[in-house]
Amino acid sequence: MRISRIARTAAAATAAALLAAGCGSGGTAGSTSGHGGLNPPKLPMLQSLGPGEGQVNLVAWAGYAEDGSDDKSVDWVHPFEQQTGCKVNTKIAGTSDEMVSLMKTGQYDAVSASGDATLRLIAAGDVAPVNTALVQNYADVFDGLKNQPWNSVNGQMYGIPHGRGANLLMYRTDKVTPAPDSWSVVFDGASPYSGHVTAYDSPIYIADAALYLMRTRPELGIKNPYALDQDQLKAAVDLLKTQHKAIGEYWSDFQKSENSFKTGDTVVGTTWQVIANMAQTDHAPVKAVLPKEGATGWSDTWMVSAKAAHPNCAYQWMNWIVSPTANAQVAQWFGEAPANAKACDRTTDKDFCNTFHAADEAYWKDVHYWTTPVKSCLDGRTVACTDYAAWTAAWTEIKG
Amino acid sequence: MAPPPTAARPLRRAASVLHRRAGLRLALLLSAPMAWLVLAYLGSLAVLLLSAFWAVDDFTYDVERVWNTANFSTVLTEPVYRAIALRTLGIAVAVTVIDAVVAFPMAFYMARVARPRTRKLLVVAVLTPLWASYLVKAYAWRVIFSQGGVLDWLVGPLGLSSPGYGTTAVIVVLAYLWLPYMILPVYSGLENLPANLLDASADLGASAGRTFRSVVLPQVLPSVFAGSVFTFSLSLGDYVTVRIVGGKTQVLGTAIADNVTLNLPLAAALSCVPVVLIVGYLLAVRRTGALESL
C-alpha cells in the first residue's frame, strides 16, 4: 500500500515534470498541425513489451469488454485472461465526460475513448503516445482510421482504433406507428409520444439537434454539427427545449435505458445498437434504425493512461481487442464497423462488414463522429464558435 | 518482597496523573471525537468551500488553482440554478409536510392509544423498512410507478393512471423513505406528554379538538420540528431517488452530480447552496426548541 502510494507520487511528479518540459518546448517543435494548435505535453511511450503485470484496469463503453455476464456466448475477456494472464477489471462509463474524469484519477490503465474525449485526454497529458510497433494487429487496421485528427497529433498515434458506428433511433414497434424514418419523431413530431421520449444525457447530444437542423433548416448554415456559432447553438438549444417537454427520461445508463424501453416508459429515442440487441434478447418489441437525416456517431480509440500501473497488460489488451476474432466479436455485439480489416472474415454474418460499411470511407463522411466543440470553428469558418463549456452550460439550461 | 508487575507501575502512575488533572482527563476523552469532527467533517467542508474558488480549463477540464468567484456568480445569477434550487426546496418542504401529516396520527396511536404489546410491535414495524437498502426501495418504487405497473393497476379502475416518473414520484418516494425519521421523534414527544395534562384539559371542559390544539400540539411541536430536520435535510441532498424515479427532474443533487465529473469547482459552489439552506433551517427551528428534543 505504502509502496504503491510512493510509486504513484513519483509517477505523478515525473509526469508533472515532463508536462512542464513539454510546455516549455512546445512553442518551437511541432506546432504546425494538431487540433486548434494542440500542444500535448511530451510523454514517453512504451519502448518494449515486458511481461504482463497480472491485471489491467479498463474504462470502457458498455459492451466493449464482455465477459459472458450479459450473454453467455458473448465473451472475449476470459480468452484474453487465459492467454495473457492479465485479469481484466472493467469500469463502464456512460458518457465521454465520465471517461475523461475517470482517467484523471490515474487509477486506470486504458480507455476506449470516443472523439469527444480523445483530444481532451491528450491535451491534459492524461494519456501517453502509443507505440504502434508493439501492437502487432495494428497493421491490419483500416488506413482510414489511422493518423486521424481525433487519435493522433503531428503524426504520432495516441491510441489504437477500435471501431466506429452511428447513434440510432430506437422505437417500440407496438407503440410508435407509423415506423419512423426521421429524427423528427423526437423533435418536431414528438408530441404524440409526450412523456415517453428519451434523449442521451450529455451536452454532446446538442450535436444531434444541430444535425437535424442542418437538414431541416438549411438557412441556419450549419455545416458541421460540432461547429456552431452563437445563433446556431441557440437554434439547437431552442429545439431541445421544445423536445424537453416531450421527454420522459434522459439516459446515460445503458441498463436503465434498456429497462425503460422494455417496460414501455420510453417508446422512442436515441440509442446504441448494443442496447437494441439487449432489449431484443429480452423479447422487447423494439427496433433500431438509422434515420434519413444521417446520424451522429463515434470512432473509438483505445488509449493508454500516462500513469498506467499495468502498461504491458494494457498493450496486450489493445492488441487483443483489435485482433481479427475479438474485433469481429465486439463489432457484432456492439453493432459497429470493426477497425481490423481481417475481422470481416471472422463475423458470423458474412455480410456484416458491408452492412456496417466497414471499408466504405465515402459513407463515413456523412456520419458525424463525436468531437469536442472548440472556439476555433471545426468547419473552417473564421467566426467564433461555441466551445464545450458553452455546450455544458446550455445542456443544464435545456434540462431546466 | 517481589516487585509489582512492570506493566502495572506506569499504568498506576498514569492513573494518578489523570486523577489529579481533570482538564487532561477531559482533553483525552474528547480528543478522538473532536479530531473526527474537525478533520473528517469540518475538514471536508473546508476543502469543498476552497475548491469552489478554483476554475477548470475550458478544454482539458483540468482543475486550475486560480482564485476567482466566477462559480458563485454563475450559481447565483444563472436563472436555471435558481429554478433548480427552488424546485429542490419545494420538494423538501412538500416531503416534510406530508411526513408530518402522516406521522402524527400514527405516532399518536402508538404513544397514547395502543396497548404496550401492540406499541412494541408498531415500533418494530416502523423501523423495519430501515433495514432494507435504500436503493432497493427506490427501485421498487420505479416498478410501482412504471407504465402498466402496480399503481396503474390499482388506480386504473378509477379512471386514473400513474403520474409516471417526475417530481410527484420523487415527493412520494422521499416521503415514504424518510417517514420513520419523522414518526420516531413525534412518538417519543407524545409519549412524554403527561397524561394528567390531558385529564386536566378534559376536566376543564375542553373538547378533544381544543385539547389537541391548546395542549398536545404546543407540547409536541418541537418534536415535529426535530423530525423535520431529518426529512428536510435528507430530501434536500438526495439525488439517488431523483435519478431512479425523477425522470427528467433536475434537483440540486443531480446538478451537483452532473458537474462533479468535469467541473468540480462549479459542483462545489453548487453544493454550498444546500449547506446554506440547511444551516438556515437549523437556525430557524432552533428557536422552536426542536434541537433540544432531538
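The values are calculated or read from the model by the stated rules, or taken from the named source; none is laboratory data. All values derive from a computational prediction rather than experimental measurement. Using ideal geometry, Cβ is built from the backbone for each residue, glycine included, and neighbour counts are taken over all protein chains shown. The accessibility values were calculated without ligands, DNA or RNA, using every heavy atom of the protein model including side chains. Shrake-Rupley method; radii C 1.70, N 1.55, O 1.52, S 1.80 Å.
Observations
- Any hit, the stretch A:151-164, residues being of a type in the set (A, V, I, L, M, F, W, C), more than 14 Å from every other protein chain (Cβ to nearest Cβ) and not in a helix (DSSP H, G or I): yes
- Across the stretch A:107-133, the qualifying residues are those that are open to solvent by 20 Å² or more (accessible area, probe 1.4 Å) and touching a Ser or Thr at 6+ places or on another chain (Cβ under 7 Å), and the one among them that is nearest to A:Glu53 (Cα to Cα) is A:Tyr108.
- No other residue among B:Arg87, B:Arg82 is in contact (Cβ under 8 Å) with a residue 40 or more places away in the chain, under 28 Å from B:Ile171 (Cβ atoms), within 14 Å of chain A (Cβ to nearest Cβ) and among the charged types (D, E, K, R) apart from B:Arg87.
- Of the helices (runs of 4 or more DSSP H) that lie entirely inside the stretch B:1-109, those containing 2 or more residues that are over 29 Å from A:Asp126 (Cα atoms), hydroxyl-bearing (Ser, Thr, Tyr) and open to solvent by 50 Å² or more (accessible area, probe 1.4 Å) span B:70-77.
- In the set (1) open to solvent by less than 30 Å² (accessible area, probe 1.4 Å); (2) at negative phi, A:Thr216 fails one condition alone, (1).
- Members of the stretch A:348-373 that are out of contact with any Cys (no Cβ under 7 Å at 6 or more places or on another chain) and either within 14 Å of chain B (Cβ to nearest Cβ) or among the β-branched types (Val, Ile, Thr) (or both): A:Thr348, A:Thr355, A:Val367, A:Thr371, A:Thr372
- Considered as a group, the residues in the stretch A:200-222 that are among the β-branched types (Val, Ile, Thr) and under 23 Å from the mean Cα position of the chain (by Cα) include one that is nearest to the other protein chains (Cβ to nearest Cβ), and that residue is A:Ile204.
- Taken over the stretch B:110-122, the criterion of being open to solvent by less than 60 Å² (accessible area, probe 1.4 Å) and not in a helix (DSSP H, G or I) is satisfied by B:Ala114 alone.
- You will find that of B:Gly237, B:Gly205, B:Gly246, the residue that is surrounded by fewer than 23 Cβ atoms within 10 Å (Cβ to Cβ) and out of contact with any Leu (no Cβ under 8 Å at 6 or more places or on another chain) is B:Gly205 and no other.
- Candidates B:Pro129, B:Pro157, B:Pro180, B:Pro185, filtered to the one that is more than 14 Å from chain A (Cβ to nearest Cβ), assigned to a helix (DSSP H, G or I) and without any contact (Cβ under 8 Å) to a residue 24 or more places away in the chain: B:Pro157
- Among (1) farther than 19 Å from B:Asp99 by Cα; (2) at pLDDT 90 or above; (3) among the aliphatic types (A, V, I, L, M); (4) open to solvent by 20 Å² or more (accessible area, probe 1.4 Å), the one test that B:Val260 misses: (2)
- Yes/no for A:Asp181 being assigned by TED's automatic domain parsing to the domain that holds A:Val289, in a loop (DSSP other than H, G, I, E, B) and either surrounded by fewer than 22 Cβ atoms within 10 Å (Cβ to Cβ) or of a type in the set (Gly, Ala, Ser) (or both): yes
- Output for the stretch A:53-97, where each listed residue is under 29 Å from A:Tyr250 (Cα atoms), outside any strand (DSSP E or B) and not small (Gly, Ala, Ser): A:Trp61, A:Tyr64, A:Glu66, A:Asp70, A:Asp71, A:Val74, A:Thr95, A:Asp97
- Any hit, the stretch A:136-148, residues being basic (Lys, Arg), modelled with pLDDT under 95 and closer than 27 Å to B:Ala267 by Cβ: no
- Search result, residues across the stretch B:224-252 that are more than 14 Å from the chain's Cα centre (by Cα) and of a type in the set (Gly, Ala, Ser): B:Gly246, B:Gly247
- The numbered conditions (1) free of Cβ contacts under 8 Å to residues at least 60 places away in the same chain; (2) buried (at least 24 other Cβ atoms within 10 Å of the Cβ) are all true for A:Lys146 except (2).
- Of the residues making up the stretch B:160-177, those that are away from every other protein chain (no Cβ under 14 Å) and either open to solvent by 50 Å² or more (accessible area, probe 1.4 Å) or farther than 21 Å from B:Gly227 by Cβ (or both) are B:Leu160, B:Val172, B:Tyr176.
- With a requirement of 1 or more residues that are within 30 Å of B:Trp54 (Cβ to Cβ) and within 14 Å of chain A (Cβ to nearest Cβ), the helices (runs of 4 or more DSSP H) lying completely within the stretch B:208-294 that satisfy it span B:240-245, B:252-260, B:264-286.
- The stretch A:316-348 - residue that is of a type in the set (Val, Ile, Thr) and outside any helix (DSSP H, G or I) and, of those, surrounded by the most Cβ atoms within 10 Å (Cβ to Cβ): A:Val322
- Of the set (1) under 21 Å from A:Tyr250 (Cα atoms); (2) of a type in the set (A, V, I, L, M, F, W, C); (3) open to solvent by less than 50 Å² (accessible area, probe 1.4 Å), all apply to B:Met182 but (1).
- The residue of the stretch A:375-389 that is nearest to the chain's Cα centre (by Cα), among those that are within 9 Å of another protein chain (Cβ to nearest Cβ) and either of a type in the set (Ser, Thr, Tyr) or open to solvent by 30 Å² or more (accessible area, probe 1.4 Å) (or both), is A:Tyr388.
- Boolean, B:Val126 is open to solvent by less than 30 Å² (accessible area, probe 1.4 Å), among the aliphatic types (A, V, I, L, M), modelled with pLDDT of 90 or more and out of contact with any Lys or Arg (no Cβ under 6 Å at 6 or more places or on another chain): yes
- Test result for A:Val100, open to solvent by less than 40 Å² (accessible area, probe 1.4 Å), away from chain B (no Cβ under 14 Å) and either part of a helix (DSSP H, G or I) or in contact with a strand residue (DSSP E or B) (Cβ under 7 Å, 6 or more places away or on another chain) (or both): no
- Conditions (1) surrounded by fewer than 23 Cβ atoms within 10 Å (Cβ to Cβ); (2) over 18 Å from A:His162 (Cα atoms); (3) touching a helix residue (DSSP H, G or I) at 6+ places or on another chain (Cβ under 8 Å): number failed by A:Cys353: (2)
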